[in-house]
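Visitor: Before anything else, here's the structure in question.
The values are calculated or read from the model by the stated rules, or taken from the named source; none is laboratory data. Everything quoted here is computed from the prediction, not taken from an experiment. Backbone-built Cβ (ideal geometry, glycine too); neighbour counts: all protein chains shown. These accessible areas exclude ligands, DNA and RNA; they are computed on the full protein's heavy atoms, side chains included. Shrake-Rupley method; radii C 1.70, N 1.55, O 1.52, S 1.80 Å.
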Amino acid sequence: MLSIRNLHAEVEGKQILKGINLEINRGEIHAIMGPNGSGKSSLASVLAGRENYTVTQGEIIFEGQDLLEMAPEVRAREGIFLAFQYPVEIPGVSNITFLKTAVNEMRAYKGLPPMEARDFLKYTKEKQQLVSFDANLMNRSLNEGFSGGEKKRNEILQLAMLEPKLSILDETDSGLDIDALRIVSNGVNKLRNSDNAFVMITHYQRLLEYIVPDFVHVLYNGQIVKTGTKELALELEEKGYDWLKEAYHLKESV
Amino acid sequence: MTNEVTTPFYNYIVDGFPGFLDATPGNFLPLREEAFTRFKTLGLPTTKAEDWRYTNVQLFLKDPFTFSPVAGTVTETQLAPASIVGLDAYRVVLVNGHFQENLSTLPAIKGVTIEPLAAAATRPLVQEHLGQHIHLQDQPFAALNTALFTGGLFIEVAANVIVDKPIYLLNVYTTTHKNAFIQPRNLWIIHTNAALEIVESVLDLSDNGIVLVNGVTETIVKENAEFSHYNLQMAAKDGRYIHYTATEQEQYSRYHHFNFTLPAASFTRNNLSVALHGNYTESNMLGLYVANDAQHVDNHTFVDHLRPNCNSNELYKGVLLDSAKAVFTGRIHVNQIAQKTNAFQQNSNLLLSDKADINSQPQLEIYADDVKCSHGFTVGQFNQEALFYLRSRGIGEEAARNMLVGAFAYDITDQVKIPAVQDYIISHIEESIVIN
């Protein structure tokens, strides 16, 4: 589904990603871990098309197409979804209007007519229940005054409604209490199937107890320095990152 | 101050005055002559005048204009572009300021008078109020209108009468192969405990000619009366509009003035002057200007707190595209005896082009010590993170920008209490935001 090859990217002239290689197939869940500043969120930003990032080398192929050639909205319509680490508050745009616009833009891209009002309501209600999203928040301004947990749940609600092929969850677990974490994880587990894939960026092993990954990658200094299975996450929880940093620098100096 | 600048337009008016003046007895002749003397003394303003510092009105008076008091013929079909879908309202149509009975649907309610100002001239109430609520001494255009107005509307709502539906007042302008100078004059009086809503709009049907409109509306909102005025300025390209709105409020009255200036008239200057003559009044002045191309929009507001315990709340927001230019002046005067005044003012702008320009100046003069007054000014561009967020959900760039402009305008549009008018404005805002 997604092939990242030798990806180098910089932001404001600073090299952040220094040769990322990653293959993601449908049905897989990948976890990306790593210390602060290793480039995890930058990778998510590059995939979603955030404009202040410049790709200097390498390529990203998504479903056979050059992802880097696409505008952010085209990537979304092709099936890329980024759950934001810090969802944006937009006063004056209601949550429901936003969702309706997004859903209908996706449909238009697929050559489908806008959803009928009644069908849309039914669809929204169904997805709302999936992530236990408070119906009272639907008519409020997008994310405005939402708690941290409500914002993250809103991200998962959008994910549920847009049905992307590849979802990137950027520290969706940060700022969530155990109950909210369970709700969000349950949502993701219900949404995963053999056709879609997930990339979870996280600092903590905790999330991976709820959403079990097929692969765990450790990102350090703009590169994937180790790949393993879910056991790697447990090892990191126990030993921290220092052993990997040392091994990396040892290799660098050779 | 004597007029040092004589322009062809000024000379045309001054030389033509004896012929333009309708000297019919009872046609406010002393008032007109006095106002004309005042106009000649003031002259047409240049950018040296404080009130016109950022608006060079001379640029918009360069073309030759013909003093045009006569109404052209307009048919129902021609009014279609100005219809507001779903608006349940009475309708009053003025063509070049002149009342069109055949195109109007008036309320058949006892206590509501709507007639041409000229027809109402002999009424003692009109004689008492006309020209008494504007600052002729420093307003050359209002003075010029007072001297030579033709057409316009007298509206009176008697005490305790609540007008059940809004009045849609449509100002139609016509010209044929000539530029027309049109000066309508309105006087509206809402008596004690009465309530009225007016939705005012403009339709420029000019054929090969530019319209220059210099209008004046004087309104008196009596004790405990409520008046809502929605002024929709979405006239055709090239049109030039100068309007002076003077409102006087008596005690416990409530006044809601909405001003929407949208494309495409090339020049708009609105003077809004609200004088609070009674205690415990409420005044809401909300403005939204969306300007594109080379439009120039100037809003000049003045709130005069003359009595204690009054609340005034002013919010003007602007979205400027292309090489559009806007000016906002917000003057608040709090008289020494106007204790317990609450006066708020905010002007916020979204500049969506490098060539767009905003000049904003609050002018607060506070002579009372127990008051709450504030003012603020902001100017910004699109929030890039918000734009990216919307696009990352598949919403195209143009639609995303539209959503953000709609969100910016929401503080104003949300307060429009007539749903059909609200929808109409929102859809016009969307049409205006085409970013090149």
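Visitor: Name the single residue, out of those in segment A:149-162 being charged (D, E, K, R), away from every other protein chain (no Cβ under 11 Å) and in contact (Cβ under 8 Å) with a residue 60 or more places away in the chain, that is farthest from A:ILE80 (Cα to Cα).
Guide: Of segment A:149-162, the ones charged (D, E, K, R) are A:150-153, A:155.
Subsequent filtering for residues that are away from every other protein chain (no Cβ under 11 Å) retains A:150-153.
Next cut, in contact (Cβ under 8 Å) with a residue 60 or more places away in the chain only: A:151-152.
Values: A:LYS151: 19, A:LYS152: 17 Å.
If we take residues in segment A:149-162 being charged (D, E, K, R), away from every other protein chain (no Cβ under 11 Å) and in contact (Cβ under 8 Å) with a residue 60 or more places away in the chain, then A:LYS151 is farthest from A:ILE80 (Cα to Cα).
Visitor: Inside segment B:10-22, can you point out the residues that are open to solvent by less than 80 Å² (accessible area, probe 1.4 Å) and outside any loop (DSSP other than H, G, I, E, B)?
Guide: Within segment B:10-22, B:TYR10, B:ASN11, B:TYR12, B:ILE13, B:VAL14, B:GLY16, B:PHE17, B:GLY19, B:PHE20 qualify.
Visitor: Here is a further query. Out of the residues in segment B:35-52 that are free of Cβ contacts under 8 Å to residues at least 40 places away in the same chain and of a type outside the set (Phe, Trp, Tyr), state the one that is least open to solvent (accessible area, probe 1.4 Å).
Guide: B:ALA49
Visitor: Could you please find all residues in segment A:222-254 being over 13 Å from A:ILE32 (Cα atoms), touching a residue at least 24 places away in the same chain (Cβ under 8 Å) and open to solvent by 50 Å² or more (accessible area, probe 1.4 Å)?
Guide: If the condition is that a residue be over 13 Å from A:ILE32 (Cα atoms), touching a residue at least 24 places away in the same chain (Cβ under 8 Å) and open to solvent by 50 Å² or more (accessible area, probe 1.4 Å), then A:LEU234, A:GLU237, A:LYS245 are the ones that fit.
Visitor: Sticking with this structure for a sec: Can A:SER45 be described as open to solvent by less than 20 Å² (accessible area, probe 1.4 Å), of a type in the set (Ser, Thr, Tyr) and within 15 Å of the chain's Cα centre (by Cα)?
Guide: When the stated conditions are applied, A:SER45 passes them.
Visitor: Moving on to the next point. Mind listing just one residue for me: the one in segment A:86-131 that is among the small types (Gly, Ala, Ser) and closer than 27 Å to A:ARG50 by Cα and, of those, farthest from the other protein chains (Cβ to nearest Cβ)? If you could, list the steps in order and put the result at the bottom.
Guide: As a first pass, look at segment A:86-131 and keep what is among the small types (Gly, Ala, Ser): A:92, A:94, A:102, A:108, A:111, A:117.
Of the ones still in play, those that are also closer than 27 Å to A:ARG50 by Cα are A:92, A:94, A:102, A:108, A:111.
Details: A:GLY92: 3, A:SER94: 9, A:ALA102: 4, A:ALA108: 9, A:GLY111: 14 Å.
My answer is A:GLY111.
Visitor: Being open to solvent by 20 Å² or more (accessible area, probe 1.4 Å) and within 23 Å of the chain's Cα centre (by Cα): is that true of B:GLN137 here?
Guide: On the way: open to solvent by 20 Å² or more (accessible area, probe 1.4 Å): yes; within 23 Å of the chain's Cα centre (by Cα): yes.
Answer is yes for this residue.
Visitor: If I filter segment B:348-373 down to residues being open to solvent by 50 Å² or more (accessible area, probe 1.4 Å) and more than 28 Å from B:ASN335 (Cβ to Cβ), which single residue comes out as nearest to the chain's Cα centre (by Cα)? Explain how you work it out, then say what you get.
Guide: Narrowing segment B:348-373 to residues open to solvent by 50 Å² or more (accessible area, probe 1.4 Å): B:354-355, B:357, B:362, B:364-367, B:369-370, B:372.
Among the residues that remain, those that are also more than 28 Å from B:ASN335 (Cβ to Cβ) are: B:354-355, B:357.
Numbers: B:ASP354: 28, B:LYS355: 26, B:ASP357: 21 Å.
Of everything passing the filter in segment B:348-373, B:ASP357 is nearest to the chain's Cα centre (by Cα).
Visitor: Still on this structure, I have one more. Restricted to segment B:388-431, and to residues that are of a type in the set (Gly, Ala, Ser) and in contact (Cβ under 8 Å) with a residue 60 or more places away in the chain, which residue is nearest to the other protein chains (Cβ to nearest Cβ)?
Guide: B:ALA409
Visitor: Moving to a separate point now. Just name the residue that is nearest to the chain's Cα centre (by Cα) out of those in segment A:48-58 that are surrounded by 15 or more Cβ atoms within 10 Å (Cβ to Cβ) and within 10 Å of chain B (Cβ to nearest Cβ).
Guide: Result: A:ALA48.
Visitor: Could I ask something else about it? Going by what's in this entry, would A:GLU78 be described as of a type outside the set (Lys, Arg), open to solvent by 20 Å² or more (accessible area, probe 1.4 Å) and farther than 18 Å from B:GLN384 by Cα? Talk me through it step by step, then tell me what you get.
Guide: Working: of a type outside the set (Lys, Arg): yes; open to solvent by 20 Å² or more (accessible area, probe 1.4 Å): yes; farther than 18 Å from B:GLN384 by Cα: yes.
Taking the combined requirement at face value, the residue satisfies it.
Visitor: Considering only segment A:23-40, state which residues are touching a residue at least 60 places away in the same chain (Cβ under 8 Å) and within 17 Å of A:ALA9 (Cα to Cα).
Guide: Hits for segment A:23-40 are A:SER38, A:GLY39, A:LYS40.
Visitor: Out of the residues in segment B:141-172 meeting the condition of being open to solvent by less than 10 Å² (accessible area, probe 1.4 Å) and assigned to a strand (DSSP E or B), tell me which one is farthest from B:ASP63 (Cα to Cα).
Guide: It comes out as B:VAL157.
Visitor: So the check is Cβ under 7 Å with 6+ separation or different chains; which pairs have a first residue in segment A:41-69 that's under 20 Å from A:LYS18 (Cβ atoms) and a second one that's in a strand (DSSP E or B) and among the polar types (S, T, N, Q)?
Guide: Close Cβ pairs (under 7 Å, with a partner that is in a strand (DSSP E or B) and among the polar types (S, T, N, Q)) amount to A:GLN57/A:ASN6; A:GLY58/A:ASN6; A:ILE61/A:SER3.
Visitor: Give me the pairs, please: first residue somewhere in segment B:122-150 and on the phi < 0 side of the Ramachandran plot, second residue anywhere and surrounded by 15 or more Cβ atoms within 10 Å (Cβ to Cβ) and of a type in the set (Ser, Thr, Tyr), beta-carbon distance under 6 Å, and either six or more positions apart or on two chains.
Guide: Pairs found: B:ALA142/B:TYR244.
Visitor: On to the next question. What are the pairs with Cβ atoms under 8 angstrom where one residue, in segment A:116-135, is open to solvent by 100 Å² or more (accessible area, probe 1.4 Å) and the other, located anywhere, is modelled with pLDDT under 90? Sequence gap at least six, or different chains.
Guide: Close Cβ pairs satisfying both conditions: A:LYS125/A:ALA135.
Visitor: Right, something else. Just checking, does segment B:62-80 include any residue being under 30 Å from B:PHE328 (Cα atoms), among the hydrophobic types (A, V, I, L, M, F, W, C) and touching a Leu at 6+ places or on another chain (Cβ under 6 Å)?
Guide: Looking for residues that are under 30 Å from B:PHE328 (Cα atoms), among the hydrophobic types (A, V, I, L, M, F, W, C) and touching a Leu at 6+ places or on another chain (Cβ under 6 Å), one finds at least one in segment B:62-80, hence yes.
Visitor: Now for a different question. Could you identify the single residue in B:PRO25, B:PRO124, B:PRO30, B:PRO64 that is under 22 Å from B:ALA235 (Cβ atoms) and either touching a Ser or Thr at 6+ places or on another chain (Cβ under 8 Å) or surrounded by fewer than 14 Cβ atoms within 10 Å (Cβ to Cβ) (or both)? Give the derivation first.
Guide: Values: B:PRO25 fails: under 22 Å from B:ALA235 (Cβ atoms); B:PRO124 fails: under 22 Å from B:ALA235 (Cβ atoms); B:PRO30 fails: under 22 Å from B:ALA235 (Cβ atoms).
On inspection, the qualifying residue turns out to be B:PRO64.
Visitor: On the given criteria, is A:HIS203 in contact with a Lys or Arg (Cβ under 9 Å, 6 or more places away or on another chain), buried (at least 16 other Cβ atoms within 10 Å of the Cβ) and not small (Gly, Ala, Ser)? Steps first, answer last, please.
Guide: Working: in contact with a Lys or Arg (Cβ under 9 Å, 6 or more places away or on another chain): yes; buried (at least 16 other Cβ atoms within 10 Å of the Cβ): no; not small (Gly, Ala, Ser): yes.
Considered against the rule, which asks whether it is in contact with a Lys or Arg (Cβ under 9 Å, 6 or more places away or on another chain), buried (at least 16 other Cβ atoms within 10 Å of the Cβ) and not small (Gly, Ala, Ser), A:HIS203 comes out as no.
Visitor: Does segment B:349-392 hold any residues that are closer than 22 Å to B:ALA338 by Cβ and either hydroxyl-bearing (Ser, Thr, Tyr) or touching a helix residue (DSSP H, G or I) at 6+ places or on another chain (Cβ under 7 Å) (or both), and which are they?
Guide: B:TYR367, B:SER374
Visitor: For segment A:163-199, which positions are open to solvent by less than 10 Å² (accessible area, probe 1.4 Å), among the polar types (S, T, N, Q) and either within 14 Å of another protein chain (Cβ to nearest Cβ) or more than 12 Å from the chain's Cα centre (by Cα) (or both)?
Guide: Residues satisfying the conditions are A:SER167, A:SER185.
Visitor: I would also like to ask the following. Give me a count of the residues in segment B:206-243 that are over 17 Å from B:LEU94 (Cβ atoms), at pLDDT 95 or above and not charged (D, E, K, R). It would help to see each step written out before you state the result.
Guide: We begin by selecting, within segment B:206-243, every residue over 17 Å from B:LEU94 (Cβ atoms); these are B:207-210, B:220-228, B:237-238, B:240.
Checking which are at pLDDT 95 or above leaves us with B:220-228, B:240.
Within this subset, residues satisfying the condition of being not charged (D, E, K, R) are B:220-221, B:224-225, B:227-228.
Residues meeting the conditions: 6.
Visitor: Let me ask something else. Considering only segment B:187-264, give the strands (runs of 3 or more DSSP E) lying wholly within it that have at least 1 residues that are more than 29 Å from B:LEU321 (Cα to Cα) and acidic (Asp, Glu).
Guide: Once the strands (runs of 3 or more DSSP E) in segment B:187-264 are filtered for at least 1 residues that are more than 29 Å from B:LEU321 (Cα to Cα) and acidic (Asp, Glu), what remains is B:195-204, B:211-221, B:226-233, B:240-249.
Visitor: Can I ask one more? Right, A:LEU159: crowded, with 16+ Cβ neighbours inside 10 Å and not polar (S, T, N, Q) or not?
Guide: For A:LEU159, the condition - crowded, with 16+ Cβ neighbours inside 10 Å and not polar (S, T, N, Q) - is met.
Visitor: Next up: Considering only residues that are more than 20 Å from the chain's Cα centre (by Cα) and assigned to a helix (DSSP H, G or I), which ones fall in segment B:59-107?
Guide: B:LEU59, B:GLU76, B:THR77, B:GLN78, B:LEU79, B:ALA80, B:PRO81, B:GLU101, B:ASN102, B:LEU103
Visitor: Going by the structure shown, is B:GLY131 buried (at least 20 other Cβ atoms within 10 Å of the Cβ), in a loop (DSSP other than H, G, I, E, B) and touching a helix residue (DSSP H, G or I) at 6+ places or on another chain (Cβ under 8 Å)?
Guide: yes
Visitor: Tell me which of these B:LEU404 doesn't satisfy, since it passes every other one: (1) surrounded by 13 or more Cβ atoms within 10 Å (Cβ to Cβ); (2) within 30 Å of B:VAL334 (Cβ to Cβ).
Guide: Of the numbered conditions (1) surrounded by 13 or more Cβ atoms within 10 Å (Cβ to Cβ); (2) within 30 Å of B:VAL334 (Cβ to Cβ), the odd one out for B:LEU404 is (2).
Visitor: Name the pairs whose Cβ atoms lie under 8 Å apart, with the first residue in segment B:1-25 and of a type in the set (Gly, Ala, Ser), the second at pLDDT 85 or above and assigned to a helix (DSSP H, G or I), and 6 or more positions between them or separate chains?
Guide: Once the first residue is of a type in the set (Gly, Ala, Ser) and sits in segment B:1-25, its partners that are at pLDDT 85 or above and assigned to a helix (DSSP H, G or I) give B:ALA23/B:LEU29.
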